[in-house]
1. Among the residues of the range 112-124, is any in a loop (DSSP other than H, G, I, E, B) and on the phi < 0 side of the Ramachandran plot?
2. Scan the range 100-109 and tell me whether some residue there is over 17 Å from Thr133 (Cα atoms) and at pLDDT 85 or above.
3. So, Thr116, is that one in contact with a Pro (Cβ under 6 Å, 6 or more places away or on another chain) and either surrounded by 15 or more Cβ atoms within 10 Å (Cβ to Cβ) or without any contact (Cβ under 8 Å) to a residue 24 or more places away in the chain (or both) or not?
4. Considering only the range 107-125, how many residues are closer than 14 Å to Arg87 by Cα and touching a strand residue (DSSP E or B) at 6+ places or on another chain (Cβ under 6 Å)?
5. Could you tell me whether any residue of the range 65-73 is part of a loop (DSSP other than H, G, I, E, B), exposed (fewer than 14 other Cβ atoms within 10 Å of the Cβ), among the acidic types (Asp, Glu) and modelled with pLDDT under 85?
6. If Thr80 satisfies every condition in (1) closer than 16 Å to Lys58 by Cβ; (2) part of a loop (DSSP other than H, G, I, E, B); (3) among the polar types (S, T, N, Q) but one, which is the exception?
7. Sort out which residues of the range 71-93 are on the phi < 0 side of the Ramachandran plot and polar (S, T, N, Q), and write them in order of number.
Amino acid sequence: MKFPRQRQEEVNVNLTPLIDVVFLLLIFFMVSTTFTKETHLEVDLPEAAGDPGSLDDKILEILITDEGNYSVNGRPLVNTQPKTLSRALKELSGGNKEMPLVITADAKTPHQAVVTAMDVAGKLGFDKLSITTQELPRE
């Protein structure tokens, strides 16, 4: 005896809703993720022999990275233009040109970046200028 065969339907999985959910999750995580910007600058100081000087409590510190980027009192500047550095120094000094100014530059900093910082400080009238170094290792 022959039984009539039932036609089997082809199994089909619709992936469109799954793709929609995956994209929504991706967009949700991209939007809700917080990005931390590390502001810790690592500086390798040049070495020098001599006695360290004393510093007052209120100082201005210009930190220059090995790529020539500036940071004034821990606040990184948006660019390396002298005008930007000048505005930052004016703002943080409050017009007090008697404040000591310390330039801390990486040993591999381009010389031009240090000269630019010194030039801007000189044009603004800062005369208490010092450069940070580290002590030579004792033998």
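1. First, the residues of the range 112-124 that are in a loop (DSSP other than H, G, I, E, B): none.
No: zero hits.
2. Within the range 100-109 (the criterion being over 17 Å from Thr133 (Cα atoms) and at pLDDT 85 or above), the answer is no, since none of the residues qualifies.
3. Yes: the conditions hold for Thr116.
4. 2
5. no
6. (1)
7. Ser71, Asn79, Thr80, Gln81, Thr84, Ser86, Ser93
The values are calculated or read from the model by the stated rules, or taken from the named source; none is laboratory data. Treat the numbers as computed from the prediction; the structure is a model and nothing was measured. Neighbour counts run over all protein chains shown; Cβ positions are idealised from the backbone, glycine included.
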